[in-house]
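Participant: Below is the structure I would like to discuss, written out as structure tokens.
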Amino acid sequence: MAFVNATIYVSPTNPAILDGIVVIENDKIIAVGKKNVVKLPKNAKLIDCKGLTITAGFWNSHVHFTDPKIANAPSLSNSELSAYLEQFLIKYGFTYAFDIGSFPENTNNIRQRINSGSISGPLILTTGLPLTAEDGTPFYVKAMNIKLPELTSIDVAAKIVNQNIADGLDGIKIFAGSPMGPGKAEKMMPVEIAKAVIITAHKKGKLVFAHPSVNDGILVSLESGIDILAHTTPDGGLPWDRQMIQQMVKKNLYLIPTLKLWKWSLLNNNQSPQQIEDFVSIAIRQVKDFNEAGGNLLFGTDIGFMDDFDPTDEYVYLQKAGLDFRQILAMLTTTPSEKYGFSKQYGRLAVGMTADMVVFKGNPELDIRTLSDVKYTVRKGEIIYTKTD
């Protein structure tokens, strides 16, 4: 299969290839380059991509397989689950997803069906259920009659983390700061317990995500050695302190901004457009300052918790934070592939790499919203989504 006449970004840093070709055989890329250089196999199926742009497949590094529509995945037919995954991730070019909070048995059923070929879908990594401090289950989780695993001591923390990893989880998530409800102070995880989580996970080669809630949660994350922050923290109403940002960068703390989440949450709480703009602008400033200081960013939207799956607003907000298309593409492709240990397979369009691609309409250098206007999503050399005009 050959995708021809496309503008191709083989990586976030390489020059764009105009009038280019990507040739796929089975699940691998076997050629990529300019039309007058790449030799087409005689039996290749040609897909004309005039006016389209091709990049490597996208990562969404903050999702949840907790939507009530799939809360009992084993009971869903393959067609029902496929239809959901298409709307959830695939139609927006996400060929990989890191789930950082769900019931493992449910999420494992979904990814087992994908891995077996019963349905088409993204590569799914998961942390399973997040871990909290004692009495630290967030108020909105309690409202669903769910109690998260609580870490009451260093020994308990190490035991639970070891068991989760033995059960096949790909990472760990903690609530460094747990929201306890309107007007109530966040429940902070003790630093020594957070450290026990991280030390145990790192011994097994696993990353640890943290939900910070507020700036104190970032400080817990910094002191304990967290790998990835799951959110910005606009609740404080202020930009981040320069010294804290410097520490975040120095300690190689990665950030998932989830900027659209704040708009969605405030809309659901009937806040005015001005209130929403003011709140989101704080998070945008936090991302801007972090990025300008040299911080590492990952793309993620908190879908599954958020029921609006379209990532367009996230792209627009990131651009407002000063990021250009190339930087956003790195958040979607090379940065997560490297961080999660897949840089030899995913994240770039090169000979020998897995044939995971996004083909979308328009020029993202001119309009970042084109990233959401996906024509084809390709996973392991198979077109698993086609937009019908």
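The values are calculated or read from the model by the stated rules, or taken from the named source; none is laboratory data. Keep in mind that what you see is a predicted model, and the values were worked out from it rather than measured. Counting neighbours? That spans all protein chains shown, and the Cβs are built from the backbone with ideal geometry, glycine included. Remember, those area values only see protein heavy atoms, side chains included, never the ligands or the DNA or RNA. Shrake-Rupley method; radii C 1.70, N 1.55, O 1.52, S 1.80 Å.
Participant: Taking a virtual spin label 7 Å from the Cα of Ser118 along the C-beta vector, which residues in the stretch 354-389 bring their backbone nitrogen under 12 Å of it?
Facilitator: none
Participant: Under 13 Å between alpha carbons, and skipping anything fewer than 8 positions from Lys204 in its own chain: which aspartates and glutamates qualify?
Facilitator: Asp167, Asp170
Participant: A further question follows. Given an 8 Å cut-off on Cα distances and at least 6 residues of separation, report the relative contact order of the chain as a percent. It would help to have the intermediate numbers written out before the result.
Facilitator: On the way: 855 pairs, mean separation 81.0, N = 389.
Result for the chain is 21 percent.
Participant: Here's another thing I want to ask about it. Among the trypsin sites (Lys or Arg not before Pro) within the stretch 26-91, which fall in a DSSP loop and have no more than 14 other Cβ atoms within 10 Å of their own Cβ?
Facilitator: Numbers: sites: Lys28, Lys34, Lys35, Lys39, Lys42, Lys45, Lys50, Lys69, Lys91; in loops: Lys35, Lys39, Lys42, Lys45, Lys50.
Those that pass, being in a loop and sparsely packed, are Lys35, Lys39, Lys42, Lys45, Lys50.
Participant: Moving to a separate point now. Determine the relative contact order of the stretch 1-151: mean sequence separation of Cα pairs under 8 Å and six or more apart, normalised by residue count, in whole percent. Could you put the intermediate results ahead of the total?
Facilitator: Numbers: 254 pairs, mean separation 26.8, N = 151.
Contact order relative to length: 18 percent.
Participant: Sort Ser343, Ser102, Ser116 from largest to smallest accessible area, using a 1.4 Å probe on the heavy atoms of the protein chains.
Facilitator: Ser116, Ser343, Ser102
Participant: Leaving out same-chain residues fewer than 8 places away, which lysines sit with a Cα under 19 Å from that of Lys28?
Facilitator: Of all the lysines, those that pass the test against Lys28 - Cα under 19 Å, at least 8 places apart if same chain - are Lys39, Lys42, Lys45, Lys344, Lys380.
Participant: Share of the chain's accessible area from carbon and sulfur, percent, 1.4 Å? Present the calculation step by step, with values, prior to reporting the outcome.
Facilitator: Numbers: 8060 of 16530 Å².
So the carbon and sulfur contribution to the accessible surface is 49 percent.
Participant: For the stretch 240-247, take each phi angle, set θ = phi - 60°, evaluate the Karplus expression 6.51 cos²θ - 1.76 cosθ + 1.60, and give the result in whole Hz per residue in order, putting x for glycine and proline.
Facilitator: Along the stretch 240-247, the couplings run 6, 5, 4, 5, 5, 4, 4, 5 Hz.
Participant: Per residue, how large is the accessible surface of the stretch 36-171? Use a 1.4 angstrom probe and give square angstrom.
Facilitator: Numbers: 6060 Å² over 136 residues.
Using a 1.4 Å probe on heavy atoms only, each residue of the stretch 36-171 averages 45 Å².
Participant: Would you mind computing the Rg to Rh ratio of the stretch 287-389 from its alpha-carbon coordinates, Kirkwood style for Rh? Provide the component values of the computation, followed by the final result.
Facilitator: On the way: Rg = 14.4 Å, Rh = 14.9 Å.
Rg/Rh for the stretch 287-389 comes to 0.97.
Participant: Here's something else I'd like to know. Listed highest first by mean packing, meaning other Cβ atoms within 10 Å per residue, what order do 251-262, 194-205 come in? Intermediate values should be presented prior to the final figure.
Facilitator: Values: 251-262: 22.2, 194-205: 18.8.
Top of the packing list down: 251-262, 194-205.
Participant: Separate question: Can you flag which of Lys159/Lys203; Lys147/Lys173; Lys142/Lys173; Lys50/Lys91; Lys288/Lys387 are past 23 Å Cα-Cα?
Facilitator: Details: Lys159/Lys203 13 Å; Lys147/Lys173 15 Å; Lys142/Lys173 18 Å; Lys50/Lys91 20 Å; Lys288/Lys387 33 Å.
Cα-Cα > 23 Å for Lys288/Lys387; rest within.
Participant: Next question. Quick one: compute a quarter of the convex hull surface over the Cα atoms of the chain and quote it in nm².
Facilitator: Numbers: hull surface 75.9 nm².
Orientation-averaged projected area of the Cα hull: 19.0 nm².
Participant: Quote to one decimal, in nm, the extra length available between Lys39 and Asn78 on full extension: 0.36 nm per residue of separation minus the C-alpha distance between them.
Facilitator: Values: separation 39, 0.36 × 39 = 14.04 nm, distance 3.85 nm.
Extending this stretch completely gives an extra 10.2 nm.
Participant: If packing is taken as the average number of other Cβ atoms within 10 Å across a peptide's residues, how do 264-271, 105-112 rank, most packed first? Can you show the working numbers first?
Facilitator: Values: 264-271: 13.6, 105-112: 18.8.
Listed from highest to lowest mean packing, they are 105-112, 264-271.
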